[in-house]
1. Please verify whether the stretch 48-57 includes one or more residues that are touching a helix residue (DSSP H, G or I) at 6+ places or on another chain (Cβ under 7 Å), more than 10 Å from the ligand (Cβ to nearest atom), touching a residue at least 60 places away in the same chain (Cβ under 8 Å) and open to solvent by 10 Å² or more (accessible area, probe 1.4 Å).
2. Return the pair list, or none, for Cβ contacts closer than 7 Å from residues in the stretch 62-79 that are without any contact (Cβ under 8 Å) to a residue 40 or more places away in the chain and of a type in the set (S, T, Y) to residues that are in a loop (DSSP other than H, G, I, E, B) and surrounded by fewer than 22 Cβ atoms within 10 Å (Cβ to Cβ), at least 6 apart or on different chains.
3. Return a yes/no flag: does the stretch 128-148 have any residue that is open to solvent by 10 Å² or more (accessible area, probe 1.4 Å), away from the ligand (no atom under 11 Å from the Cβ), of a type in the set (A, V, I, L, M) and farther than 22 Å from I32 by Cα.
4. Looking at (1) of a type in the set (A, V, I, L, M); (2) open to solvent by 20 Å² or more (accessible area, probe 1.4 Å); (3) more than 16 Å from the ligand (Cβ to nearest atom), which is the one condition that is false for A93?
5. Check whether at least one residue in the stretch 98-119 is of a type in the set (S, T, Y), open to solvent by 20 Å² or more (accessible area, probe 1.4 Å) and under 24 Å from T165 (Cβ atoms), and report yes or no.
6. Within the stretch 152-171, which residues are open to solvent by 40 Å² or more (accessible area, probe 1.4 Å) and within 16 Å of the ligand (Cβ to nearest atom)?
7. For the stretch 182-218, how many residues are under 30 Å from G133 (Cα atoms) and open to solvent by 30 Å² or more (accessible area, probe 1.4 Å)?
8. Consider V63 carefully, then state whether it is open to solvent by less than 20 Å² (accessible area, probe 1.4 Å) and near the ligand (Cβ under 8 Å from one of its atoms).
Amino acid sequence: MSAGIDAGAGGGAYAGKLALVTGSRRGVGLLIAEHILKHGGRVAGFARGESTIDHPDYHHFQVDVGDPASVQQGFAALKKVTDAVHIVVNNAAVLTSQYSMIMPPAAAQAMLNTNLMGAFMVSREASKMMRKGKWGRIINISSMAVSLEPIGDSVYAASKAGLTTLANVMAKELAPLNITCNSLAVSAIKTDMLSQLPQDKIAQVIAGLPIPRFAEADDILNVLDFLASERSSYITAQTIYLGGVN
Ligand SMILES: NC(=O)c1ccc[n+]([C@@H]2O[C@H](COP(=O)([O-])OP(=O)(O)OC[C@H]3O[C@@H](n4cnc5c(N)ncnc54)[C@H](OP(=O)(O)O)[C@@H]3O)[C@@H](O)[C@H]2O)c1
C-alpha cells in the first residue's frame, strides 16, 4: 500500500509547494502524502491520530476535520509553520455501510460531518491562505459510490455527491484567484476502509466496472499529479472517475 518515501529524492513536481492532506495517517491519504514528499513538496497532514510519517518536510496536526473548532485550531497551528498552502487534498472520510432504516443516526451524522463539512471547513480556511499567493489547487477525494449509488451507502454516497457539488461551486468562487477545485473519484483500493465491507459485495462491484480491477496506487497518483500541476490551470469543476465509472 505505502509508496514509501525517498528522503533523498529532492526536487520534483511538488518542489516549492506545500500540500495540506487530510487523513494522511493511513490508506490513500498516506499514499498521497508520501508521494508529494518523495517529489519534493512539503506536506501538512491533518488526522485525528498521531503521525505515521517521519520526514523532515512533514508536519502533522491532530485535527478532527468533522469538528469546526478542531479545524480552526489546526489552521492556527499550521500558520505557525507556514503562511502558504498551495494544494489541498480533502481525503479524510469515514464510511458506515448500512440499510437506511437501520443506519445509526450518529454514524450518518459522522459521515456528513467528516466527509462533507470537514472538506468545506478545510477548503474555506485554506483558500484564504491561497488567496494571498493567487494560486491554489483543491482536490476532493470522491468515490464511485456517487455514480453507482450502492445499496447501504445512501448517506456515504450523498456525502460524496455533496463534496463534488462543493468543489464545483467553490470552483466558480475561486477561479478569479487562480484556484482550481476538482474531484478525484476513487473506485476501490485496498485500505482499512475497504476491508470493513463484505468482500463478496466488493468483488461483485469490481466485476461490473468497465475496467474490472482494483485501483492501484499509481492510478490515483497519476490523476493527483495532473490536477495539481501548474499546467492544469484551465481545468476546474471537473470530476475524474477511475476505472471507467461515469
Ligand atoms: N478505499 C477505497 O476503496 C475507496 C473507494 C472510494 C473512495 N475512497 C475515498 O478515499 C479516501 C481515503 O479512504 P481510505 O480508504 O484511505 O480510508 P481509511 O483507510 O479509512 O483512512 C481514512 C483516513 O482519514 C482519517 N480520518 C478519518 N476521519 C477523520 C476525521 N474526522 N478527521 C481527520 N482525519 C480523519 C484517518 O485517520 P484518523 O483515524 O487518525 O483520523 C485516516 O488517515 C476517502 O475520502 C474515501 O471516501 C476510498
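The values are calculated or read from the model by the stated rules, or taken from the named source; none is laboratory data. For clarity, every value in this text was computed on a predicted model and none was experimentally measured. Cβ sites come from the backbone with ideal geometry, for glycine too, and all protein chains shown count toward neighbours. Side chains included, ligands, DNA and RNA excluded: accessible areas come from the protein's heavy atoms. Shrake-Rupley method; radii C 1.70, N 1.55, O 1.52, S 1.80 Å.
1. no
2. Pairs found: S70/D64.
3. Within the stretch 128-148 (the criterion being open to solvent by 10 Å² or more (accessible area, probe 1.4 Å), away from the ligand (no atom under 11 Å from the Cβ), of a type in the set (A, V, I, L, M) and farther than 22 Å from I32 by Cα), the answer is no, since none of the residues qualifies.
4. All conditions are met except number (3).
5. Within the stretch 98-119, the subset of a type in the set (S, T, Y) is 99-100, 114.
Restricting the remaining residues to those that are open to solvent by 20 Å² or more (accessible area, probe 1.4 Å) gives 99-100, 114.
Next, only the ones that are under 24 Å from T165 (Cβ atoms) stay: 100, 114.
For the stretch 98-119, residues of a type in the set (S, T, Y), open to solvent by 20 Å² or more (accessible area, probe 1.4 Å) and under 24 Å from T165 (Cβ atoms): present.
6. To start, the set of residues in the stretch 152-171 that are open to solvent by 40 Å² or more (accessible area, probe 1.4 Å) comprises 154, 158, 165, 168-169.
S154, A158, T165 - these are the residues of the stretch 152-171 that are open to solvent by 40 Å² or more (accessible area, probe 1.4 Å) and within 16 Å of the ligand (Cβ to nearest atom).
7. At the first step, the residues of the stretch 182-218 found to be under 30 Å from G133 (Cα atoms) are 182-186, 218.
Next, only the ones that are open to solvent by 30 Å² or more (accessible area, probe 1.4 Å) stay: 218.
Of the residues in the stretch 182-218, 1 are under 30 Å from G133 (Cα atoms) and open to solvent by 30 Å² or more (accessible area, probe 1.4 Å).
8. yes
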